[in-house]
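Have a look at the structure below before the remarks.
The values are calculated or read from the model by the stated rules, or taken from the named source; none is laboratory data. Because the structure is predicted, anything quoted here is derived from the model rather than measured. Glycine also receives a Cβ, built like all others from the backbone with ideal geometry; neighbour counts cover every protein chain displayed. To get the accessible areas, we keep the full protein, side chains included, count just its heavy atoms, and leave off ligands, DNA and RNA. Shrake-Rupley method; radii C 1.70, N 1.55, O 1.52, S 1.80 Å.
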Amino acid sequence: QVQLVESGGGLVQAGGSLRLSCTASGFDSSLNDMGWYRQAPGKQRELVARIRVVGSTNYVDSVRGRFTIFRDKAKNTIYLQMNSLKSEDTAVYYCVGGQDSRWWGQGTQVTVSS
């Protein structure tokens, strides 16, 4: 059974940092493209960061230079390191994986207070 379990969300002040974790089970995340989406209240869901099987990464413009996506193959886990957080980063963050992002986690809330 495929599962993605996120952790690491919470409340942080603007300028602070958080690290989100996503542990996969039921498949090898290192053999799949993985990523993080987010959805803020009243806004469309957007792809924040993606890491390809070959290791290349992509970021939405609003987080480039502040967020870093990386993986730990031994732990079958991907991470999203978020630095210099802004109030506009407040959202539910979802871990996704597999072809066409077919697998989704349950989401973790990130709230940035100004």
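Counting residues that are over 14 Å from the mean Cα position of the chain (by Cα), which strands (runs of 3 or more DSSP E) fully inside the range 63-114 reach at least 2?
Those strands (runs of 3 or more DSSP E) span 108-113.
In the range 3-45, what residues are assigned to a strand (DSSP E or B), open to solvent by 20 Å² or more (accessible area, probe 1.4 Å) and closer than 15 Å to R102 by Cα?
Those that are assigned to a strand (DSSP E or B), open to solvent by 20 Å² or more (accessible area, probe 1.4 Å) and closer than 15 Å to R102 by Cα: Q3, V5, S25, Y37.
Confirm whether S87 is open to solvent by less than 70 Å² (accessible area, probe 1.4 Å) and either polar (S, T, N, Q) or touching a residue at least 40 places away in the same chain (Cβ under 8 Å) (or both).
Judged against the criteria, S87 is a match.
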